[in-house]
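Take a look at the structure set out below.
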Amino acid sequence: MKSVLPVGALLALAASSSVFAGSLTIPMSFEYLALDGQEIATNSFSHKAELDLSPGTHKIAIRYHDMVDDEFSDSQTFVKSAPFILTLMVDGDHDYFLKPASGEVVKQPKQFAKAPQVVVNRADKGEVSYKIVQTDYKEDSFVGRLFGGSKGVDIDEAAAAATAAGTAAVVSTTPAAPVSQATAPAVADTVAPAATSPVPPAVGGAHAQQMLQYWWLQADEKTRKEFMSWAIKQL
């Protein structure tokens, strides 16, 4: 005997399937900041790689953020870029992938962070309509805030504002015409240098998590165990 779904259930299923038409996936060394003017909550212990997207044009704030070996010590340091705005046209149920224009691996992270050049491809090798806008948003260093009293810039809020306004605080934009996957997007000629301080640049919120990551890397095994024991008791 055949079972027939109620009409209401069928309509709900159809509606839910049409809410999200595609997805965007980014590498571990990139992070989402905002989507269409709304900040994206991030978790330093669980990288958000995939973003569901509904049909239409979306503005997504992303930045390059990675840890690299320090040139003058055995420790590691953070390197990050200013946010860039990806405007992506989602025209179907497609999976999109963002990656560095030079390939899967960034060979010179500090240089790359000054002006991240990326490309967006589609899983089915179809044409992708997108453009990249570089911003000049940057944060004050943690040390500067501590001794200078500067509040600096909240990058998450600034990136959200940029995606909402479309052209807020940008250095330059790429041509408005659609860009195919065979052609790398134009990138800003002049971009403010990215912060490369070994100390995470801000306190509070997601930036506090960056500070925890930094000090975790500096701690020995005994200190890490003591911290974990303390952290578990706080839950």
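Computed from the coordinates by the stated procedures, all read-outs in this text should not be read as laboratory data. All values derive from a computational prediction rather than experimental measurement. We place every Cβ from the backbone using ideal geometry, glycine too, and count neighbours over all the protein chains shown.
Based on C-alpha pairs under 8 angstrom that are at least 6 apart in sequence, the stretch 48-120 has a relative contact order of 32 percent. Computed from label points 7 Å out along Cα-Cβ, the spacing between D69 and D91 is 4.5 nm.
Pairs spanning more than 26 Å between alpha-carbon atoms, out of K138/K225; K59/K80; K48/K138; K48/K131: K138/K225.
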